[in-house]
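Quick notes on the structure that follows.
The values are calculated or read from the model by the stated rules, or taken from the named source; none is laboratory data. Quantities reported herein were computed from a predicted structural model and do not represent experimental measurements. Cβ atoms come from the backbone with ideal geometry, glycine included; neighbour counts cover every protein chain shown. Side chains are part of the model used for accessible areas, which takes the heavy atoms of the whole protein and leaves out ligands, DNA and RNA. Shrake-Rupley method; radii C 1.70, N 1.55, O 1.52, S 1.80 Å.
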Amino acid sequence: MFVQKSFVSRKEEGQLYLVATPIGNLDDMTVRAIHTLREVDIIAAEDTRQTRKLLTHFQIETRLISYHEHNKTASGPEILRLLMEGKSVALVSDAGLPAISDPGEDLVRAAVEEGITVIPIPGANAGLSALIVSGLPTDRFAFRGFLPRDKKERREELERLRLYPETLIFYESPHRISKTLHEMMGILGDRKIALGRELTKRYEEFIRGSMEEVLHFLEEQEEIRGEFTLIVEGSTEVEETEMDSWWSGLDIVTHVNVHIEKGANKKEALKLTAEERGLPKREVYNEYHQNEK
């Protein structure tokens, strides 16, 4: 077991800082983030050109290197080597928190495995910013980010999420948002959603309504611009199923016997009972045979 104490580090090892950057409005850059980027030895950026603009604005002259999806297999080990040599490194993404929907996750995992201290520098996040103003439940939520590009994988993922009772958080690009909403409506149903566009920027916009209503709104636009954060109402199907369960109040033996009386053989009846109760088949099998009359 490795216990990290963020402000106590072995002198021979560096520290990896995960620094949040603005998602649109530069005023959302925290004082701590600015100080950290000025004081570290190196800044590893997803897009050095984008980050250079940020550093210039805040008069930060720290050495900048590249770390992104296409060079992570080479750049990652090099950053680890620098950390092991005692260098301090700040990881930033194009916008928001690093290691969420970007390859920073891999670098963090590798650093943790090496026992390197990893320190979060909190700040702006598009998913949570959209969630808290969505008008949808915030007590339980599941972040999914970008869905797979492959159609089959995307549909499988939506099927997996279909019964989640939690509010769902997605990211999507402007040229794919309508297509994604059509697919969601076909699999998840016409749920309540909130669509956030250009978050924290001058033309920030939130569109709330059913999927069908929001799709109609998008279809009326001459051109769809801006990155989108999509907040989707969670499923109520599980709750409705539980309330309407015909077997509520029956013990397992009676439950199995009902299926047998309806024509199922014992094996099928045990399987159906396990699926309806959400229990392992072995547990239902043991309970049935221990108490069968």
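What the table shows:
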| read-out | value |
| --- | --- |
| Directionally averaged shadow of the range 1-139, computed from the convex hull of its alpha-carbon atoms, nm² | 9.4 nm² |
| Under 14 Å from the Cα of residue 201 - aspartates and glutamates, other chains or at least 8 residues apart | 27, 28, 227 |
| Gap separating the Cα centres of the range 250-287 and the range 131-161, nearest whole Å | 33 Å |
| On Cα atoms only, tilt of 266-277 relative to the major axis of the chain in degrees | 50 degrees |
| Cα-based helix-to-principal-axis angle, 252-261 vs the chain, degrees rounded to 10 | 60 degrees |
| Extension gain (nm, one decimal) between residue 52 and residue 151, 0.36 nm per residue minus Cα-Cα | 32.1 nm |
| Pair residue 128, residue 222: separation of 7 Å Cα→Cβ label points (nm) | 3.9 nm |
| Entries in 53/179; 152/192; 151/192; 152/281; 53/152 that, when Cα-Cα distance is taken, lie over 27 Å | 53/179; 152/281; 53/152 |
| Gained length - residue 163 relative to residue 113, 0.36 nm times residue gap less alpha-carbon distance | 14.6 nm |
| Cα-based Kirkwood hydrodynamic radius, the range 94-230, one decimal, Å | 16.3 Å |
| Solvent-accessible surface (1.4 angstrom probe) belonging to residue 187, in square angstrom, nearest 10 | 20 Å² |
| FRET efficiency, 1/(1 + (r/R0)^6) with R0 22 Å, evaluated for residue 208 and residue 139 via beta carbons | 0.75 |
| Cβ-Cβ FRET estimate between residue 248 and residue 291, R0 fixed at 25 Å, reported to 0.05 | 0.85 |
| The range 24-99, Rg to Rh (Cα coordinates; Rh as Kirkwood inverse mean 1/r) | 0.95 |
| Expected-Rg normalisation [2.2 N^0.38 Å, Cα atoms] applied to the range 103-169 | 1.44 |
| Cα-based shape type of the chain, given that a ≥ b ≥ c are square roots of the gyration tensor eigenvalues and the cut on a/c is 1.5 | oblate |
| Ellipsoid semi-axes in whole angstrom, largest first, where each is sqrt(5λ) of the Cα gyration tensor of the range 160-292 | 47, 13, 12 |
